[in-house]
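The values are calculated or read from the model by the stated rules, or taken from the named source; none is laboratory data. Here the structure is a predicted model, which is why all the values come from computation and not from measurement. Virtual Cβ from ideal backbone geometry, glycine too; neighbours counted across all protein chains shown.
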Amino acid sequence: MTARINIVDYNPEWPELFKIEKKKLLTAIGDYVAAIEHIGSTAVPGLAAKPVIDILIGVRTLTEADRYCIEPITGLGYEYVKAFEKDTPYRRYFRKDSRDGDRTHQIHLVEHGRDWWKRHLAFRDYLRVHVDAREAYERLKRDLATREFETVSDYANAKSEFIKAIEAKMNGQQ
């Protein structure tokens, strides 16, 4: 089985969909949350994307989150994917699908202010400000969407070189 990637034009409703979900999450786990941010392509106005709302939750500690956040998040209809912790032990990943089985939301729960947190916000913010980078990223994503991948992770990995180049620019290495 192969994964087909669906890239759609920017939807101005995405920020509101994030706000709705953020409110639910804060009600469920707000005592343990330092911040919640909208990340990924749906958080960049004008950027075509997979229609999946990426949510970044920053917590004080993962130990506390493991104890108090996983069950309330799954209670909101998310699936907790513990298997990804083998490769990313500093992140807790959750996904939510529509009744039709299409992914609608994903949560990346990490310790607030750590590297993963900073990198993803910086990349989002860079694309929001730099139209040329945003347009190049969209071209890459649309091109990749014409291909078939074994998994959605393979699609994400295919974008890595571009992302690393942007991160190098952000860090003044290019």
*asked:* Looking for something of a type outside the set (V, I, T), assigned to a helix (DSSP H, G or I), touching a Lys or Arg at 6+ places or on another chain (Cβ under 9 Å) and surrounded by 13 or more Cβ atoms within 10 Å (Cβ to Cβ) - is there at least one such residue anywhere in region 56-65?
replied: yes
*Neighbours by Cβ (under 8 Å, 6+ apart or cross-chain): first from region 96-107, at positive phi; second surrounded by 10 or more Cβ atoms within 10 Å (Cβ to Cβ) and among the β-branched types (V, I, T)*: none
*Pairs, please: C-beta under 9 Å, at least 6 apart or cross-chain, first residue on the phi < 0 side of the Ramachandran plot and in region 21-43, second among the hydroxyl-bearing types (S, T, Y) and crowded, with 19+ Cβ neighbours inside 10 Å?*
S41/Y137
*Report yes if some residue within region 87-109 is closer than 19 Å to D54 by Cα, in a helix (DSSP H, G or I) and touching a helix residue (DSSP H, G or I) at 6+ places or on another chain (Cβ under 9 Å); otherwise report no.*
no
*Considering each of A145, A136 in turn, give the residue that is among the aliphatic types (A, V, I, L, M), modelled with pLDDT of 95 or more and either over 19 Å from the mean Cα position of the chain (by Cα) or farther than 29 Å from L76 by Cα (or both).*
A136
*Report yes if some residue within region 41-52 is part of a strand (DSSP E or B) and farther than 20 Å from K82 by Cβ; otherwise report no.*
yes
*Counting just the residues of region 125-153 that are of a type in the set (K, R) and in a helix (DSSP H, G or I), which one comes out farthest from Y93 (Cα to Cα)?*
R139
*Does region 151-171 hold any residues that are closer than 14 Å to S41 by Cβ and β-branched (V, I, T), and which are they?*
V152, I163, I166
_Quick check on this structure: which one of A122, A156, A83 is surrounded by fewer than 12 Cβ atoms within 10 Å (Cβ to Cβ) and either outside any loop (DSSP other than H, G, I, E, B) or without any contact (Cβ under 8 Å) to a residue 60 or more places away in the chain (or both)?_
A83
